[in-house]
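Enquirer: I have a structure I would like to understand better, so I am pasting it below and will then ask my questions one at a time.
None of the figures in this text is laboratory data; all of them are computed from the coordinates on show. Given the structure is predicted, the values throughout are model-derived calculations rather than measurements. Heads up, the Cβs are rebuilt from the backbone with ideal geometry, glycines too, and the neighbour counts pull from every protein chain shown.
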Amino acid sequence: MGQLPRRPAARRVAGDAVHQPRRTRTHDVPCTGDQLDAAVAAEPDLVSVFIGGNDVLFFPRFEATRFAAELDQLVEPFVAPGVTVVLLTLPDLTACSLLLPPLRGALRRRIIAANEVIRDAAERHRTVLLDSWAGERTRRHAMWSLDRIHPNAQGHRLIAQSVADLLDVPTGGSLGEIARESAAGTMRRHGRELAWLARHAARG
């Protein structure tokens, strides 16, 4: 959860409602249990919600009903006048995955199911939606760390730039530009990935 600089107005997924933020500050809190209460008490003007990765990565069966209920529980306290809520769909984590095809296909289906829930929540709660799944740049190796799960520094800059663009926030530069990989860069990346796999396989 955090804030960006002041902006003229925030676009919403549903309807024409726009509003001005009350102030600009940043407060990052893991939103679970009492920590959610602390986040609400901080009275933020901008809340970003990016969840679901663990649900699709570490559980073979995606429970859409449970996920939807937990997402509603997280979003509803922040849906109020003067607060912009940004929901983000999950990117295609299979695009650069090292998983075998059957496992990759099952993961992709879980991501699609989770994103349907997120899009529905954005529509119902009239939030801003950043559709990470639809972003072509999120499918490039250059965005991801070696584990292919977490964004690297470039990936985080891309996410920040995408949210800023969505909210019409000037950033003074192109934070989200990801250069296409050269042949030499691809070879170096493969070397790092093989070393990483060997190291973690040995630990296992």
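Enquirer: Can you compute the equivalent ellipsoid semi-axes for the stretch 34-179, i.e. the square root of 5 times each eigenvalue of the Cα gyration tensor, sorted largest first and rounded to whole Å?
Expert: On the way: eigenvalues 127, 92, 30 Å².
Here the semi-axes work out to 25, 21, 12 Å.
Enquirer: Ok, one more. Using θ = phi - 60° and the Karplus curve 6.51 cos²θ - 1.76 cosθ + 1.60, what whole-Hz ³J(HN,Hα) does each residue of the stretch 151-162 get, with Gly and Pro shown as x?
Expert: Once rounded to whole Hz, the list reads x, 8, 4, 4, x, 5, 5, 4, 4, 4, 5, 5.
Enquirer: Then there's this: Evaluate the relative contact order of the stretch 34-179 (contact order divided by residue number), counting alpha-carbon pairs under 8 angstrom at least 6 apart; express in whole percent.
Expert: Working: 174 pairs, mean separation 32.6, N = 146.
Reported relative contact order: 22 percent.
Enquirer: Looking at the stretch 34-179, send over the antiparallel percent of its DSSP beta bridges, to the nearest 5.
Expert: 10 percent
Enquirer: Here is a follow-up. Using a Förster radius of 41 Å, what is the FRET efficiency between Ala134 and Ala42 based on their Cβ-Cβ separation? Nearest 0.05, please.
Expert: 0.85
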